[in-house]
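Here is the structure we will look at, set down as structure tokens.
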Amino acid sequence: MVGILPFDIKFYIVNHGIWVIRIMIAAFCGCLIGYERSSRNKGAGVRTHAILALGSALIMLVSKYGFIDINEIDGSRIAAQIVSGVGFLGAGVIFVKNGNVSGLTTAAGMWATSGVGMCIGAGLYDIGIITTIILIGLQILFHRGFFLKVTQNNQNIQMEIYYEDYALKDIREVFDKYGIDIHSMKVENLKNKSMFLEMETYVNKGFQKESLVEEMMNKTYFKMLNYY
């Protein structure tokens, strides 16, 4: 028994060390994917994707190695439940408002991130890492307005205005004057005949925010302007 113990300890340390490394790699890949989402101000960002990938790797490890001593249990059934759990999380980031659907890309990314975690948890490091690179590349390259961003900067603008029939049209004309390209706009009706606008825009490099603010302050419908 004395001669076997050192070998068992070494075997335990090496194997568990490898498993911990797998979890850490999965979390890192999740961070990379989540960073791209958080850079676009999405609800599911770095922490969500990192925890999702980490959890998927952990469950995959339990599924693959946790029941070696019990032959009657099919460990793969545990890993299969990851898909169901991620489906529940994905449904929470999809929103439909005024006929517009948002969150589909984030939900699909979360689903793919769980697959990355499962790959790394199973020891398929190369597949998991390559998938991470491809996933990030797809989200960046095919994001609307990506090729415009070569010469333009992303700028999110929040604005509160008094409701006027001509206000939205006038705002677009002012933005065109300053070379501001509006790619998405969310409109929310507030009390006291006010409206809240949240816009994702691209502006030319060298854009002067002060000039836009000064012109908007002269508008009768203008209340507040915020950049982020």
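Only the coordinates and a few stated rules stand behind these numbers; no lab work does. Here the structure is a predicted model, which means the values were calculated and not measured. All Cβ positions, glycine included, derive from the backbone under ideal geometry; neighbour counts span all protein chains shown.
From least to most packed, judged by other beta carbons within 10 angstrom and beginning with the fewest, 214, 36, 164 follow the order 214, 164, 36. According to the square roots a ≥ b ≥ c of the eigenvalues of the Cα gyration tensor, what is the shape class of the range 153-227, taking rounded for a/c under 1.5, prolate for a/b larger than b/c otherwise, and oblate for the remainder? Taking the square roots of the gyration eigenvalues as a ≥ b ≥ c, the range 153-227 is prolate. Taking amide H as placed 1.01 Å from N in the peptide plane, the amide H of residue 183 sits under 5 Å from that of 200, 201, 202, each at least 5 places away or on another chain. Amide H to amide H, with H built 1.01 Å from N, residue 222 comes under 5 Å of 162, counting only residues 5 or more places away or on other chains.
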